[in-house]
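The values are calculated or read from the model by the stated rules, or taken from the named source; none is laboratory data. Values in this document were obtained by computation on a predicted structure and should not be read as measured data. Cβ atoms come from the backbone with ideal geometry, glycine included; neighbour counts cover every protein chain shown.
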Amino acid sequence: MGLILVSALVFGPVPVLVLASTGGGQSLTVHQPRNLPPMNSTTRRLHHRQPAATFASSASVRHRTPLARLGRGLVDGVCAANQTLARLPSDPIAALGRFSIAALFWLSGQTKVEGFALNLVQGRFEFGWPRLSDSARWLFREEYQLPLLDPVVAALLATSAEHALPILLLLGLGTRFAALGLLIMTAVIQLLVYPNAYATHGVWAAVLLWLMAQGPGRWSLDHLLARWFAAKRGEPA
């Protein structure tokens, strides 16, 4: 009575080993499937490595702890949030920066004049001939004490700049040059007037430098003028 044992691996196409046992003796035969090419030495090495790699990978996934899965989920969430924040539009950010820094210097200039007031947010309007206030004269003469400049001249220059440059920033017209002018004023205030207010002045400088480097954005007259000049020259906008 004969006994036939057939052994086959399930990890890919391999030869089928047939061990035949009869009463008269044993014989070992290797049968290669007809639809597969013969296996060379390289194929044999890759084939023998595949079951071990597959077993190791499945074992690592199967034995991953809940804490490891939680950590992986947190990393994936942080990466997704970072990509979302990187896609924030720059035009509203530039408009907010222009409005905020312009309002700051405009309100400072308003404290130095009398007879003229314009505050769209608070609804305060006073249209008269502006003149330098007595408090501004005292401030530049007693507290600021800028070198090389007469206090009245310095007060007039600062007050004029604090009204003209914010208007340009708000309109987005000559934005980079307006931001440069206000940055110079910020540096003068930091170095010669209030050196201990570096934290506040650093925030001002950061906004102004960003506008100088990135421009006012598309919500500005600078952008409209750039498109108009590009159309005149036949260049793409």
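Kindly provide the set of residues from segment 119-136 that are more than 16 Å from residue 161 (Cα to Cα) and either more than 44 Å from the chain's Cα centre (by Cα) or surrounded by 14 or more Cβ atoms within 10 Å (Cβ to Cβ) (or both), ordered by number. 128, 129, 134 - these are the residues of segment 119-136 that are more than 16 Å from residue 161 (Cα to Cα) and either more than 44 Å from the chain's Cα centre (by Cα) or surrounded by 14 or more Cβ atoms within 10 Å (Cβ to Cβ) (or both).
Here's the yes/no breakdown for (1) among the aliphatic types (A, V, I, L, M); (2) assigned to a loop (DSSP other than H, G, I, E, B); (3) within 18 Å of residue 102 (Cβ to Cβ); (4) out of contact with any helix residue (DSSP H, G or I) (no Cβ under 6 Å at 6 or more places or on another chain):
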site: 139; (1), (2), (3), (4): yes, no, no, yes
site: 177; (1), (2), (3), (4): no, no, yes, yes
site: 189; (1), (2), (3), (4): yes, no, yes, yes
site: 199; (1), (2), (3), (4): yes, no, no, yes
site: 209; (1), (2), (3), (4): yes, no, yes, yes
site: 216; (1), (2), (3), (4): no, yes, yes, no
site: 236; (1), (2), (3), (4): no, yes, no, yes
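Is one or more of the residues making up segment 199-213 of a type in the set (Gly, Ala, Ser) and either surrounded by 15 or more Cβ atoms within 10 Å (Cβ to Cβ) or on the phi > 0 side of the Ramachandran plot (or both)? Yes, because at least one residue in segment 199-213 is of a type in the set (Gly, Ala, Ser) and either surrounded by 15 or more Cβ atoms within 10 Å (Cβ to Cβ) or on the phi > 0 side of the Ramachandran plot (or both).
Residues of segment 113-138 that are polar (S, T, N, Q) and touching a Lys or Arg at 6+ places or on another chain (Cβ under 8 Å): 133, 135. Using the structure shown, decide if residue 231 is closer than 12 Å to residue 97 by Cβ and surrounded by fewer than 19 Cβ atoms within 10 Å (Cβ to Cβ). Considered against the rule, which asks whether it is closer than 12 Å to residue 97 by Cβ and surrounded by fewer than 19 Cβ atoms within 10 Å (Cβ to Cβ), residue 231 comes out as no. Taking segment 160-175 as the range and being surrounded by fewer than 17 Cβ atoms within 10 Å (Cβ to Cβ) and either more than 27 Å from the chain's Cα centre (by Cα) or assigned to a helix (DSSP H, G or I) (or both) as the test, the residues that pass are 160, 164, 167, 171.
Of all residues in segment 93-128, those satisfying the criterion of being free of Cβ contacts under 8 Å to residues at least 60 places away in the same chain and either assigned to a helix (DSSP H, G or I) or outside the structural domain of residue 173 (by TED's automatic domain parsing) (or both) are 96, 107, 108, 109, 110.
The number of residues in segment 99-116 that are within 17 Å of residue 170 (Cα to Cα) and out of contact with any Pro (no Cβ under 6 Å at 6 or more places or on another chain) comes to 9.
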